[in-house]
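Colleague: Here it is: the structure, laid out below.
The values are calculated or read from the model by the stated rules, or taken from the named source; none is laboratory data. Everything numeric here is computed off the predicted structure, so don't read it as measured data. Glycine also receives a Cβ, built like all others from the backbone with ideal geometry; neighbour counts cover every protein chain displayed. For accessibility, only protein heavy atoms count, side chains too; no ligands or nucleic acids. Shrake-Rupley method; radii C 1.70, N 1.55, O 1.52, S 1.80 Å.
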Amino acid sequence: MAEDSIAVVDLDRCQPDRCNYECMNFCPPNRTGKECIVPREDRYEENEPYEGGPKQVSISEEICLGETCGICVEKCPFDAIEIINLPQELDEEPAHRYGENAFSLYGLPAPQDGRVTGILGPNGIGKTTAVRILAGEIEPNLGRYADPPDFEEVLDEYRGTELQNYLEALRDDEVTVARKPQYVDKIPDTFSGNTRQLIEGVDERGVADDLVERLNIAPVIDQDIDTLSGGELQRVALAATLVRDADFYFLDEITPYLDIGQRVEAARLIRELAEDGDRSMLVVEHDLAILDLLADTLHVAYGRPGAFGVVTTPKSTKNGINEYLKGYLENENMRIRQQAIQFEEHAPRTTARGDVLVEYPAMRKSYGEGEFSLEVDAGEIRTNEVLGIVGPNGIGKSTFAKLLTGRLEADEGEVDVDLDISYKPQYVEIDQPMRVDAFLSSITDDFGSSYWTTEIAQPLQLERIMEQNLTDLSGGERQRVAIAACLSKEADLYLLDEPSAHLDVEQRVLATRAIRRYTENHGATAMVIDHDIYMIDLLADRLQVFDGVSAEYGHAGQPVGMRAGMNQFLANLDVTFRRDQRTGRPRINKPGSQLDREQKKAGEYYYAPNTDEE
């Protein structure tokens, strides 16, 4: 194989008990007597002893003809094989490779004292691998998985780079690490106790009280961890990380389940800590507005998810985000995507004028004396519209959804909604022991049809996970399956609660288009609850704004037009947005900046004239 090619075998997909070794039988080198594709244990019998049953395969990268052949890729019935020509510009050895025909990572991010370093890239591209290396959990093998180098050789490889000092400190055990996990909903599986015990138990800096106040955790400070909502768990996880006294903080996705105000406050806390004591902060984030506000420098990660990833040298945050969206990295002379991610610039849509699908009365729901209560103004949902629902966390948005679906009964105001409603809940709990394709085919008769494949499966990138078990899916994969399941049902109303959670930038854009196109093509009606401003802007025809006091009481106003709704929502949060001149993407104005003051004075918190100046 050419030096710039690799072979990857996904062992979770390779199922020799269900095939006839088509990859081996049709491989041109194999047919000439060479051993290019062979049973895996034949090559590594000593290290991976054969334990019975059909054997998975391994591919010799020295013999393989490369991507120009690709016969094994086409013949594998389970899409388990990838033969990839690496970018010609990539002339370095990998920082780490997990094994033969396994994932390779090229390049590492460079933490900097007193600064926030961001990483932007799709899921499955090696961001977590990079962090585990920097945290000392994995020793980089420079691609030599069969004969790993010692750490001195690793240091020689990075001598003269920004990573040298950091790796030397890592070698000498002079680096302490604090990490916030990506999937906060897993915290109750590893910790039993209440919020106070978790935060105070790791408070090495003596700042627990301050963070509890700023992150508004006080209302749940004595609640058991397993009773907290996703937004509460996210803030608790962030507090439990930032109270640690560490040299290097790794924060994996700080925004899922947080509202805009909470996201901005989290960003401020991280920046303050970075500037206090020259601490290094590394943040992986898919909310571009928050990443833009938060990071000093940015590494772009690209490649082929699950096969290889490349981490670029640091860029300015603005240029890094814009190049990533454009799909072309200028310094690297590298095209990482065929099409740019477009942030459509449009004036607020006029209010939808469709027929009324359902009218709901003024309602009230209380969870008990002194506990949370919600008041809902009477309103209507129209046919062939997408109604966006926005507001702070703990304000009753999910409660309103459950009232409409009949999962909750109102205390006042009878909800007489005779509709078929397809509901995607906020927290996706898929624990059925079945495969994705079997699960989705049980929901719709259209499964596998050309229309279903084009309109749902392809935009949601489901092809490569169809044969995986639901219980083995990542958070982002579960989210995409849940969206597909919601849209696959015949319904009068499609209600999706936080469909953007755990999706990367590209997946969010594709999911947004899939939801919008489905409603338009079917004349369907949808309600979307989300905190991603761009997703709501692109999807919604009208907005319903929730306000009140988190965890105490909430108020749901009538649905209104997009301009009025956005201005009301962002005014409540005291946050203004502008649009980037080059890409049109939403960017948060720095609080107190000239543009922030001007927009607030004009009452235009979001739909301001195009400008990139502050």
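Colleague: Please report the relative contact order for the range 447-584, taking Cα pairs under 8 Å with a sequence separation of at least 6, and give it as a percent rounded to a whole number.
Modeller: Relative contact order for the range 447-584 comes out at 18 percent.
Colleague: While we're on this one: Take peptides 433-444, 392-403 and line them up by average Cβ neighbours within 10 Å, highest first, as a rough protection proxy.
Modeller: In descending order of packing, they fall as 392-403, 433-444.
Colleague: Tally up the carbon and sulfur contribution to the accessible surface of the range 97-236 as a whole percent, 1.4 Å probe, everything protein left in place.
Modeller: Within the range 97-236, the accessible surface is 42 percent carbon and sulfur.
Colleague: Check the straight Cα-Cα distances from Lys315 and name the lysines below 29 Å, setting aside those fewer than 8 residues away within the same chain.
Modeller: Of all the lysines, those that pass the test against Lys315 - Cα under 29 Å, at least 8 places apart if same chain - are Lys127, Lys180, Lys326, Lys590.
Colleague: Sticking with this structure for a sec: Dipole size in debye (nearest 20) for the range 209-362 around its Cα centre, Lys and Arg Cβ +1, Asp and Glu Cβ -1?
Modeller: Details: 15 positive and 28 negative charges, 185 e Å.
Dipole about the Cα centre, nearest 20: 900 debye.
Colleague: List the relative contact order of the chain as a percent without decimals, with contacts defined as Cα pairs under 8 Å and 6+ residues apart. The partial results should precede the final answer.
Modeller: Numbers: 1182 pairs, mean separation 78.1, N = 614.
For the chain, the relative contact order is 13 percent.
Colleague: If you don't mind, another one. Considering only DSSP beta bridges whose two residues both sit in the chain, what percent are antiparallel, to the nearest 5?
Modeller: Looking only at bridges with both residues in the chain, the antiparallel portion is about 50 percent.
Colleague: Can you work out the FRET efficiency for the pair Tyr328 and Val356, with r the C-beta to C-beta distance and R0 = 51 Å, to the nearest 0.05? Let's see the in-between values first.
Modeller: On the way: r = 47 Å, r/R0 = 0.92.
Computed FRET efficiency for Tyr328 and Val356: 0.65.
Colleague: In Å², what does the accessible area per residue of the chain work out to with a 1.4 Å probe? Write down the numbers at each step before the final one.
Modeller: On the way: 26310 Å² over 614 residues.
Heavy-atom SASA per residue in the chain reads 43 Å².
Colleague: How big is the dipole moment of the range 177-293 about its Cα centre under a simple scheme where the beta carbon of each Lys and Arg is +1, that of each Asp and Glu is -1, and everything else is neutral? Debye, nearest 20, please.
Modeller: 120
Colleague: Let me ask something else about it. Please identify the cysteines of the chain that lack any partner cysteine with a Cβ under 4.7 Å from their own Cβ.
Modeller: Cys14, Cys19, Cys27, Cys36, Cys64, Cys69, Cys76, Cys486
Colleague: If I model a spin label as a point 7 Å beyond the Cα along the Cα-Cβ vector, how far apart are those points for Lys318 and Glu137 in nm?
Modeller: Going by the 7 Å Cα→Cβ label model, 3.5 nm.
Colleague: Ranking request for peptides 317-323, 336-342: highest mean number of other beta-carbon atoms within 10 Å first, then the rest in descending order.
Modeller: Numbers: 317-323: 20.9, 336-342: 12.7.
Going by the mean number of other Cβ atoms within 10 Å, highest first, we get 317-323, 336-342.
Colleague: Taking 8 Å as the Cα distance limit and 6 or more residues as the minimum spacing, I'd like the relative contact order of the range 353-512 as a percentage.
Modeller: 23
Colleague: Compute log10 of I(q)/I(0) for the chain with the Debye formula, placing one identical point scatterer on every Cα and leaving out solvent, at q = 0.11, 0.12 Å⁻¹, to two decimals.
Modeller: With one equal scatterer per Cα and no solvent, log10 I(q)/I(0) is -1.17, -1.37.
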